[in-house]
Amino acid sequence: MRRKRMDRIGKKIHIWVVVLMGAVFLVSGTGAHGAIVGKSGSTFHLVAKQDVLITSDGDSFIMWGFGIKDDVSGATSRAQYPGPTLIVTEDVPVTITLRNELPAKAGNVSIIFPGQKVTATSRVLGPLTYEAVPVETLPESVDGSATYTFTPSEPGTYVYRSGTMADLQVEMGLVGALIVMPATTPSGGDPAKKYAYNHVDSQYDREFLYLVSEMDPRIHRLVEQNLIGNINFTTYFPTNWFINGRNYPDILAENNVLWLPTQPYNCQPRMHPGEKVLVRFIGGGRDIHPMHFHGNDFETIAVDGRLLSSEPEAGPDLAWQATTIKSIPGQTADLIWTWTGKEIGWDIYGHSPDDPLEPDEYAPNHGKPFPVVLPQRDSVTYGAFYSGSPFLGGEGELPPGHGGLNASGGYFYMWHSHTEKELTSNDIWPGGLISFMIVEHPDVPID
Amino acid sequence: MMKRRIRYASVTAALILFSFLWAVTASADVQIQCPGDKDGDGISEDPNIVCRSITAGDGFTKMADGLDLYIFSFGDGEGVPPDRIIADLTLKAQLPAPTIILKQGQELYLTMTNVGMVVRPDLFDTHSVHWHGFPNAAPIFDGLPEPSPTANMGNSFTYYYNAAVPGTYFYHCHVEAAEHMQMGMIGNLWVTPIQDGTSIEGFTKFAYNDEDGSTGYDVAYPLLLTGFDSFFHIASDTVQALPFAAMFDEYPMINGRGYPDTINPNNIVNKNGFAAQKICSLITATAGQRILLRVSNISTTHQYTFATTLGVPMKVVGRGAALLRGPDGKDTSMDVNVLNVGGGQAYDVILDTSGVAPGTYFLYTTDLANLSNGEQERGGIMTEIVINPLNDPV
């Protein structure tokens, strides 16, 4: 009797989760598909604008961000944080125009592309590059925009950001990711597979963006109050931290949710055991954040868009393994992460020895019993992402009031800053730099 | 009795059967699971199985300038029978937590009992153990409170780890991590390699299975770097709102002590008369020996950078519990004068004292502001390295 009732509750949870997820997908219209969401192409019309971003402590800030003009409709999106992820192809010339619709108080704006050989033009040459003049300050007949052209010669992960008053403008949100895909499959590679670089050892199954940044709310308040002159960066003290422009738990929500209109990108990696995940890791702000990966070691195969090679064609033979990597301001890194359950010492599927193996299962663990007796339910507190079972894809009885948020029995691994105060949003725990990788049972579909 | 429903009936049967293979000694909800322990002393008769009993709760520490600070941390339940753990070990948290050392291939049954926090009866926090850096971890033993069960006050949870990969790790509580780690729930943990005991290049102890002796050492010391924000600890002690946004460590420490307590060979006794800070970080070696430093940083606010005055470079041979070798075995070790360690990072550093004149040297943070105990100067992250002459009878 009891068992049947629990089954029914379990099924109900399944159904509701499916309905809820379906609704979210309908609203957002996009799934992750194991690829990074962004704008692919070779010509991009960016527009710098003022807008508002929302933090997980229930606050909101004035921000300056890049919007993008749709080539078909001609409409320009709202500013977004971070800027649109620009996905381009090696050896294909890229043109980016920048129109400055920021308030006049923001001044000129520009974009620098570290790692690219850029030709820039506009009416005004600033200290770092050519700048776009606020349209607010120009007659309609005068074009104040700037144009940047370059031909990316090396695939990899890069950052772009404001090159004008960058201490203020990057803080305000003018930063984004640039991804250069290889032009061809590397020699010896499989055309059906994905590669980050021109070498077979950069193969991956799914990719995710980790653009890490921070904000000091006082600066945004001063901008809002037209007191830019009072901003003092020597007392910079951030209290809000972002992955792809969102704080935890907003980081987990779908891409393009309606309630975060200027923060379209989530960070919700999922995979099946044995797959290779490429993490495109970007230090998007001004501080160093030691990001720690639960679950397994990663391998750092590239830094700043260059494979860690001892010589050309050697592949990432200088790659290094660890569980924590510092996000260095302005630096990018490409990490390969996988998880197999190897040498755990018990069967993660709870098989008996004569059950068949799951895909990519670590065979020596097969059929090994679970090693301990778990405490009875009232002796422990179940976390929101505990399925009720220690097994991958498992399920178990959940206490009353438990949300059942892990209906597929996935294995959740926190990927987070180990400067743990950054796991808050302006005094509110939890928030900030927390994300979760979910390793799903091989039978659970991942779009 | 287990009430949970598990999908696979055969596994349930196996679990129930397995649970009777060793003595489960229980008192209320404190249960210590130790397979192969037939007489209930908490020690397995199987040499490959290591059983440890720790507690999680609160206590007090004394900073090097004399300030008493309230902490949460782990205590040592070794040899304490289950029915005495809560009675004997409340307010007995240690800083750092008891050190855990394993040999590669051993299995660890680590029972953590949540003994409650008597200074804060208003709190009902659970606690957990996160083995930081454990490769191919399973959420059930990862100590993250979100995807696992964590022990309520008065209850225990046994974590299982197959120590397959040698290296320098550490452990900490992951429940409300910004708070619990700032409060002190951190400890040293390492796994020695299977290569230990073989003789390579004159060494019999190694940081990793290097096969060439490059990580060989004579003496090893853990350097667990962290810091306390005294305002946060006092706010916790006095039941005030916790200042997360303002958190900023001003008591930097090695193994839970600021200099000169780092070189004090005695236990540091807290205001209740309990020796909560047991680890002296004085590094001693004989001239010509190689010293292995197992360095980690678990500060919730700071990165720390350090150097030595030995005059020889530090050779970094491991990072994140992995030998510094490329995927095809290329040597990627580094000779450095200073090493920056971010929160959550661990490094293995070899100091070769060949050619170093006997004497006393310093290991100190080059982030010079961290050479302090609160407002007291010449403290914080600093310790001494004493190189004894080869034939010194001492």
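The values are calculated or read from the model by the stated rules, or taken from the named source; none is laboratory data. As the structure is a computational prediction, the values presented were derived from the model and not from experiment. Using ideal geometry, Cβ is built from the backbone for each residue, glycine included, and neighbour counts are taken over all protein chains shown.
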Within the group A:Leu258, A:Leu227, A:Leu307, which residue is under 21 Å from the mean Cα position of the chain (by Cα) and surrounded by fewer than 23 Cβ atoms within 10 Å (Cβ to Cβ)?
A:Leu258
Taking B:Glu211, is it free of Cβ contacts under 8 Å to residues at least 40 places away in the same chain, at the interface with chain A (Cβ under 8 Å from one of its Cβ atoms) and outside any strand (DSSP E or B)?
no
For segment B:323-361, what are the residues that are out of contact with any Leu (no Cβ under 8 Å at 6 or more places or on another chain), within 12 Å of chain A (Cβ to nearest Cβ), more than 17 Å from B:Arg290 (Cβ to Cβ) and not small (Gly, Ala, Ser)?
B:Arg325, B:Pro327, B:Asp328, B:Asn340, B:Gln345
Has segment A:259-279 got any residue that is touching a residue at least 40 places away in the same chain (Cβ under 8 Å), of a type in the set (Asp, Glu) and farther than 30 Å from A:Asp347 by Cβ?
no
I'd like to check which strands (runs of 3 or more DSSP E) are fully inside segment A:79-177 and have at least 2 residues that are crowded, with 22+ Cβ neighbours inside 10 Å, out of contact with any helix residue (DSSP H, G or I) (no Cβ under 6 Å at 6 or more places or on another chain) and modelled with pLDDT under 95.
none
At pLDDT 95 or above, closer than 23 Å to B:Ala164 by Cβ and buried (at least 19 other Cβ atoms within 10 Å of the Cβ): which single residue out of B:Phe206, B:Phe244, B:Phe228, B:Phe232 fits that description?
B:Phe206
Residues satisfying the stated conditions in segment A:314-361, i.e. surrounded by fewer than 21 Cβ atoms within 10 Å (Cβ to Cβ), of a type in the set (Val, Ile, Thr) and within 9 Å of chain B (Cβ to nearest Cβ)
A:Thr340
Tell me, please, whether a residue that is in contact with a Pro (Cβ under 9 Å, 6 or more places away or on another chain) and either within 26 Å of A:Val223 (Cα to Cα) or not aliphatic (A, V, I, L, M) (or both) can be found in segment A:118-133.
no
Within segment B:175-198, restricting attention to residues that are in a loop (DSSP other than H, G, I, E, B) and within 10 Å of another protein chain (Cβ to nearest Cβ), which residue is surrounded by the most Cβ atoms within 10 Å (Cβ to Cβ)?
B:Val175
Pick from segment B:363-394 the residues that are outside any strand (DSSP E or B) and without any contact (Cβ under 8 Å) to a residue 12 or more places away in the chain: which of them is surrounded by the fewest Cβ atoms within 10 Å (Cβ to Cβ)?
B:Pro393
Exactly one of (1) over 22 Å from the mean Cα position of the chain (by Cα); (2) in a helix (DSSP H, G or I) is unmet by B:Thr262. Its number?
(1)
Counting only residues that are buried (at least 20 other Cβ atoms within 10 Å of the Cβ) and touching a Phe, Trp or Tyr at 6+ places or on another chain (Cβ under 7 Å), segment A:195-208 contains a total of 2
Pull up segment B:306-320, narrow it to residues that are in contact with an Asp or Glu (Cβ under 8 Å, 6 or more places away or on another chain) and more than 7 Å from every other protein chain (Cβ to nearest Cβ), then point me to the one that is surrounded by the most Cβ atoms within 10 Å (Cβ to Cβ).
B:Gly318
If I ask for residues that are within 25 Å of A:Met271 (Cβ to Cβ) and within 20 Å of the chain's Cα centre (by Cα), which ones from segment A:310-330 would you list?
A:Ala322, A:Thr323, A:Thr324, A:Ile325, A:Lys326, A:Ser327
Any residue in segment B:75-83 that is in contact with a His (Cβ under 6 Å, 6 or more places away or on another chain) and assigned to a strand (DSSP E or B)?
no
In the list A:Val439, A:Val444, which residue meets the criterion of being surrounded by fewer than 24 Cβ atoms within 10 Å (Cβ to Cβ), aliphatic (A, V, I, L, M) and touching a strand residue (DSSP E or B) at 6+ places or on another chain (Cβ under 9 Å)?
A:Val444
Restrict the check to segment A:70-78 and report whether at least one residue is in a strand (DSSP E or B) and within 23 Å of A:Asp167 (Cβ to Cβ).
no
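For (1) over 30 Å from A:Pro290 (Cα atoms); (2) modelled with pLDDT of 95 or more, each residue gets a yes or a no:
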{"site": "A:Gln331", "(1), (2)": "no, yes"}
{"site": "A:Asp334", "(1), (2)": "no, yes"}
{"site": "A:Gly345", "(1), (2)": "no, yes"}
{"site": "A:Pro356", "(1), (2)": "yes, yes"}
{"site": "A:His366", "(1), (2)": "yes, yes"}
{"site": "A:Gln376", "(1), (2)": "yes, no"}
{"site": "A:Leu392", "(1), (2)": "no, yes"}
{"site": "A:Glu397", "(1), (2)": "yes, no"}
Quick one: count up the residues across segment A:217-251 that are within 19 Å of B:Pro243 (Cβ to Cβ) and among the β-branched types (Val, Ile, Thr).
2
Failed item, numbered, when B:Asp125 is tested on (1) surrounded by fewer than 18 Cβ atoms within 10 Å (Cβ to Cβ); (2) modelled with pLDDT of 95 or more; (3) charged (D, E, K, R):
(1)
Considering residues of segment B:100-121 that are touching a residue at least 24 places away in the same chain (Cβ under 8 Å) and within 17 Å of B:Ile71 (Cβ to Cβ) only, the residue nearest to the other protein chains (Cβ to nearest Cβ)
B:Asn114
Kindly indicate whether B:Leu67 is under 27 Å from B:Glu250 (Cβ atoms) and at pLDDT 95 or above.
yes
Modelled with pLDDT of 95 or more, within 23 Å of B:Asn209 (Cβ to Cβ) and in a loop (DSSP other than H, G, I, E, B), is that true of B:Gly288?
no
For segment B:155-174, indicate whether the set of residues that are surrounded by fewer than 24 Cβ atoms within 10 Å (Cβ to Cβ), within 7 Å of chain A (Cβ to nearest Cβ), over 19 Å from A:Val380 (Cβ atoms) and without any contact (Cβ under 8 Å) to a residue 40 or more places away in the chain is non-empty.
no
Residue list for segment B:271-284, filter: more than 14 Å from B:Pro222 (Cα to Cα) and of a type outside the set (Lys, Arg)
B:Asn272, B:Gly273, B:Phe274, B:Ala275, B:Ala276, B:Gln277
Read through the list (1) closer than 20 Å to B:Thr158 by Cβ; (2) crowded, with 24+ Cβ neighbours inside 10 Å; (3) at pLDDT 95 or above; (4) touching an Asp or Glu at 6+ places or on another chain (Cβ under 9 Å), then give the number of the only condition that B:Met117 fails.
(1)
Please tell me if A:Glu395 is within 7 Å of chain B (Cβ to nearest Cβ) and in a loop (DSSP other than H, G, I, E, B).
yes
Yes or no: segment A:230-249 includes at least one residue that is farther than 20 Å from A:Asn426 by Cα and either modelled with pLDDT of 95 or more or surrounded by 16 or more Cβ atoms within 10 Å (Cβ to Cβ) (or both).
yes
